[in-house]
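The structure appears below as structure tokens.
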Amino acid sequence: MDNQALILLVSFVTMLLLNMPVAVAIALSTLLTMLSLGEANVSATTMVANKIATGINQNALLAIPFFVLSGLLMGRGGMARRLINFSDAIMGRMPGGLSYVNTLTCMMFGSISGSAAAAVSSIGGFMIPEMEKKGYPREFSVAVTATAATTGLLIPPSNVMIIYATVTGVSVGAMFMAGVLPGILTGLCIMAACAFLSIRHGYGRKEANGRHIPSVPKAPKEIIVSLAMILIGMMGLWMLWFRPTGPLGLTTTGHVTNRLFLTIAYFILMMRGSFRLKPIQTICFLQALPSLMLIVIVIGGILTGKFSATEASAVAVLYSFLLAVCAYREIKWKQIAKLLLDAGATTAVVMLLIGASQAMGWILTRQNIPQSIATSLMNVSSNPIVILLIINAILLLVGTFMDMTPAILIFTPIFLPVVTSPAIGLTEVHFGIMLIANLCIGLCTPPVGTCLFIGCGIGKTTIAKTTRPMIPFFIAMILALMAITFIPALSTWLPQLTGQLK
């Protein structure tokens, strides 16, 4: 068993160092391990190919190509600019306001598109140059964009959550609801880092020409009113979607369109009351509302049982298409073929990774490697806190050199038996959010930090210059990760409240 584990590890790492595609490295290292067990060449090849084929033959994976296409439509359909305008109208007047605008927009757009890379390229393409014009250091702007874009992978809908649910068998709806609070918490921690740096260095208090921008803080009474209206709005939405009767005894169990109409009304009332919107803010909100409604349609449809996660992905494509092509008209009909081709190429890569990783997971299980690792970790310490810290450290290290999808597929079957054992007591949903939050940090770290690379390319700077400004944001994300790890309610409360998790 030890020899096969060593062959699998050494061959896989060697192929990665040779810059071989990750999916190919996974498949070939699995094949070499099979051959080391004495299987005939033809038999081993057939077995690995069969595991790859059966690994992607799952209904839940049908949602991935639809959500990929929906993300492309959203990314190129004018939603980013409208979300930026809305965020700017709400938070742009504050000291360091553009950094908060950047973070909030990345959170909203990342959740809508389901892609951190799309959020960096779409939001960063506008916000990084704009922040530089207003006197923000270029590297600071890149750091904000790269880290904030990853929150969209925690806030549903998210492709990586579908992949994790496929591996573990948990409900996609439960994973979607579990990521809401951790995603918002991570975004707030990033905003806290923005506030600290803005106050310390005076970012946003003056424009590039040296003119000071006045800060307009809200009075305590207005803050109390804002919080009260947000709470009322959240309670109203909960009663609207999850109770048989809504506020004032209104029946809300009718057609889903009735609920969506009332949801829009709740949004408008909540925003009107909490921020006392001026006409320009109202216009920006109404322009951004159709994009934000995608989240309500997808999550609301899943939670109310109107459609499954796979059907929700198809609805998302239809809604995105109508919005981007027919309503905003920012995507021309002749561009549809190119979008379909891009979505197909992305889906092919993801599916090949899933299939190859399923084959590797099979050989890991066959050789009892996860059980051996679990025993080794338990021998290190019997303290659950220590074991969770070790797992987090390993995952943080893994995230620096491996992309998120293969990391989830490879390390979920290894660590899941450990964390769900009676000694640790985590649920599959809680570990899934912890795993994704961990690997989100890896998207911002070299040498395989996809978001960092894209951000530096857009900002026309280098990774070396951006590393130091990234440190406060790394600290903020790690603090959020620790809260997610050791406060299970952050991940389990909403799924339990909505009936997705028993």
(request) Which order do the peptides 404-415, 484-495, 153-164, 465-476 take when ranked by the mean count of other beta-carbon atoms within 10 Å per residue, highest first? (result) 153-164, 404-415, 484-495, 465-476
(request) Please work out how much length the chain gains when fully extended from Phe401 to Leu340, using 0.36 nm per residue of separation minus the C-alpha to C-alpha distance, in nm with one decimal. (result) 19.0 nm
(message) For the ranges 428-435, 71-78, what's the packing order if you count other beta-carbon atoms within 10 Å of each residue, average per peptide, and put the highest first?
(response) 428-435, 71-78
(request) In whole angstrom, note down how far apart the Cα centers of segment 11-74 and segment 283-339 are. (result) 31 Å
(message) If packing is taken as the average count of other Cβ atoms within 10 Å, what order do 378-389, 319-330 fall into, highest mean first?
(response) 319-330, 378-389
(request) Note down the nm distance, to one decimal, between modelled labels 7 Å out along Cα→Cβ at Ala348 and at Ala489. (result) 4.9 nm
(message) With a cut-off of 8 Å between alpha carbons and a minimum separation of six or more residues, what is the relative contact order of segment 1-55 in percent?
(response) 34 percent
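All of the numbers you see were taken from the coordinates with simple rules; none came from a lab. Every value quoted in this text rests on a predicted model; they were computed, and no experiment measured them. Please note: Cβ atoms are built from the backbone with ideal geometry, for glycine as well, and neighbour counts cover all protein chains shown.
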